[in-house]
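Working notes for the structure below.
No lab work stands behind these numbers, since they all come straight from the coordinates. For clarity, every value in this text was computed on a predicted model and none was experimentally measured. Reconstructed Cβ throughout: ideal geometry from the backbone, glycine too, with neighbour counts over all protein chains shown.
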Amino acid sequence: MGDKTFYLKVFFLCGILLTVMFTGCIEENQKSENTEESPMPEIQIDQPSILPDWKDGEYHDYPATKQMLNDFDMDYPDLVNVFSIGKSVLDRDIWCIRITNEKNNDDKYSCLIDGCIHGNEWEAGEACLYLAEYLLINFGNNETVTNILNTSNVYIVPLVNPDGRQADERWNDDGIDLNRNFDVHFGRLRSGNYPLGKLFGIIKIPMIKHPLRKNGVLGQVSTNCGRRAFSEPETQAIRDLMKSLDRYSFYVNCHTAVHVFAAQGDITYKPEFTVKKHEREITNTATDWVHDNTEYSGIHGEDFKHTGIGCASDWVYSEFGIASFTFELLNSDYEPWYGHGKHDNLIHWMKTTLPVFMYLLVNIKALHDWETPDIEPCLPEGIPPSPL
């Protein structure tokens with residue numbers, strides 16, 4: 001009887017153990033099924049980019065530009081370095097902003113985008129500020145922008161000619177056209193320039209009108225290009241900045257208002273340099289992309305001919321051998337020529353510039369290596385906007 005009792009107890013205990021084990025398996029299976037039904041939410045690694053919150057009519061003169069750059073410096077200390085590259089004739093600082101991820105110490109490619117070398121071409125400077133803000137507000141959220149700032153040093157000089165911007169004049173305060181003061185075919189009369197400088201150090205003669213002349217680079221006007229190449233403090237400052245850049249990839253000189261994006265032009269009169277065939281093909285590829293994807297006309301270098309006028313883009317290519325472009329914002333309805341242009345639809349025109357800048361930036365390595373710039377930029381919704 002005692003043996004039967006023993007075996008019954010053992011059988012009973014085994015039954016309890018099997019019941020507990022089986023119940024545990026059911027619970028584990030239920031947990032597994034519940035886990036499959038409620039997966040963890042996926043992390044979105046590339047948030048859509050957002051646009052700067054600008055308003056039409058809110059243009060940035062010299063004090064406002066300085067304030068905006070200082071605000072960037074305060075708000076984005078790990079991305080921004082703001083510094084003066086020199087002084088204007090009237091002793092205003094010429095401000096530069098370098099935008100990069102300063103926590104990433106890898107070797108990076110450099111580029112320079114500048115504006116308002118002609119002081120009455122306001123939107124050229126505004127486009128520089130708009131790009132700066134776009135890059136800063138999207139870093140860390142948008143993968144494309146983050147990659148750009150991890151691999152590039154983006155140098156931006158919004159106001160090369162701060163005195164001209166404040167006076168709403170093309171020239172600097174010496175009466176010199178700064179985009180004729182560079183050392184490539186400097187001071188050629190047949191190119192619409194005269195190397196006069198400031199007469200007796202006092203008298204400014206910014207331009208000479210030729211009512212009987214119908215042809216020439218500047219039509220019926222010749223401009224004062226300065227006594228000698230780099231005679232002006234503004235061009236000296238931008239020259240010295242460029243000479244300090246490492247792994248310099250491309251340069252964009254922003255203007256208004258011919259509505260084109262042009263590759264380095266061919267010089268038709270005793271050229272001081274020859275654009276290499278392969279390099280011409282690369283820059284033409286860039287202008288073709290702009291032509292096909294924006295409202296701006298892309299101009300091949302061989303179609304952007306002139307007789308040599310001492311301009312920045314010519315000097316950059318001859319000095320550094322890099323891709324050099326002239327970006328003319330707006331259209332001829334806004335052309336200030338030698339007076340005061342009209343300024344409206346600011347937001348529209350800023351949006352038209354983003355595809356151009358972003359295309360160049362995502363292809364910064366290819367342009368540096370003179371390889372085909374075939375990477376397509378990821379652009380926000382509504383960019384580029386429909387033409388006005």
**Complete:** Length-normalised contact order of the chain, Cα under 8 Å, at least 6 apart, in percent, tallies to 18 percent
**Item:** Listed residues T268, W95, V145: farthest to the positive end of the dipole of the chain (Cβ charges)
**Value:** T268
**Principal axis box of segment 259-344, alpha-carbon based, largest edge first, Å** = 40, 30, 20
**Fill in**
So the angle from the long Cα axis of helix 2-37 to the longest Cα principal axis of the chain, reported in degrees to the nearest 10, equals 20 degrees
**Message:** If Rh is defined by the Kirkwood formula over all Cα pairs and Rg also comes from Cα, what ratio Rg/Rh do you get for segment 47-162?
**Reply:** 0.97
**Item:** Lysine pair count for segment 211-358 [Cα-Cα under 30 Å; pairs on different chains or 8 or more apart]
**Value:** 13
**Prompt:** In the chain, with Lys and Arg counted as +1 and Asp and Glu as -1 at Cβ, which of these residues, G339, H306, G382, has the Cα nearest the positive end of the dipole, that is, farthest along it?
**Reply:** H306
**Asked** Any idea what the relative contact order of segment 122-204 is, in percent, if you count C-alpha pairs under 8 Å spaced at least 6 apart?
**Response** 18 percent
**Asked** Any idea what angle helix 346-362 forms with the longest principal axis of the chain, computed on alpha-carbon atoms, 0 to 90 degrees, nearest 10?
**Response** 70 degrees
**Item:** With 10 Å bins from 0: P(r) over segment 322-388, alpha-carbon pairs, percent
**Value:** 18, 39, 29, 14, 0
**Request:** Can you grab the distance from the C-alpha centre of segment 336-388 to the C-alpha centre of segment 136-170, Å, no decimals?
**Result:** 12 Å
**Complete:** Gyration tensor (Cα only) of the chain to equivalent ellipsoid, semi-axes in Å sorted down, yields 61, 21, 19
**Message:** Tell me the angle of helix 122-138 to the major Cα principal axis of the chain, expressed in degrees between 0 and 90 and rounded to the nearest ten.
**Reply:** 10 degrees
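Would you tally the net charge around T151, using a Cβ to Cβ cut-off of less than 11 Å, leaving T151 out, and scoring K and R as +1, D and E as -1? Please report the intermediate quantities before stating the final value.
Working: positive: K108, R247, K365; negative: D106, D107.
Here the charged neighbours net out to +1.
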**Cα-only Debye scattering, segment 167-277: base-10 log of I(q)/I(0) at q = 0.09, 0.14, 0.20 Å⁻¹** = -0.28, -0.68, -1.32
